[in-house]
Amino acid sequence: MINVYDKVKLKTGIVGRILEILNDDSFIVELYLENGDIDTTEIKKLEIKSVFEEVERPIA
């Protein structure tokens, strides 16, 4: 399941963050491009390769 603010990697290798869920198959995503630009666009679920999982680690 993909949630708002999840960090995702597209099949193209570009990383982004889900900003809005339009329906089960469409999302508005903020993409972090290699040249440092940020692009906001609509993508389909089939374009997503993976979802990052956040892990908390104690520092002491």
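The table for this structure:
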{"item": "Length-normalised contact order for the chain - Cα pairs under 8 Å, 6+ apart - percent", "result": "31"}
{"item": "With every protein chain in place, the chain: carbon and sulfur % of accessible area (1.4 Å)", "result": "49"}
{"item": "Rounded to the nearest 20 debye, dipole of the chain from Cβ charges on Lys, Arg, Asp, Glu", "result": "240"}
{"item": "Karplus 3J(HN,Hα) series, Hz, for region 36-46 with 6.51 cos²θ - 1.76 cosθ + 1.60 (x for Gly, Pro)", "result": "x, 6, 10, 10, 9, 8, 9, 10, 9, 4, 5"}
{"item": "Peptides 11-18, 33-40, 48-55 ordered by average Cβ neighbours within 10 Å, highest first", "result": "11-18, 48-55, 33-40"}
{"item": "Per residue accessible area of the chain, 1.4 Å probe, in Å²", "result": "80"}
{"item": "Cβ-defined net charge surrounding residue 18, 10 Å radius [Lys, Arg +1; Asp, Glu -1]", "result": "-1"}
{"item": "Long-range HN-HN contacts of residue 6 with modeled amide H, under 5 Å", "result": "18"}
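The values are calculated or read from the model by the stated rules, or taken from the named source; none is laboratory data. These numbers come from a predicted model, not from an experiment. Positions of Cβ are backbone-derived with ideal geometry, glycine not excepted, and every protein chain shown enters the neighbour counts. Only protein heavy atoms, including side chains, enter the accessible area calculation; ligands, DNA and RNA are left aside. Shrake-Rupley method; radii C 1.70, N 1.55, O 1.52, S 1.80 Å.
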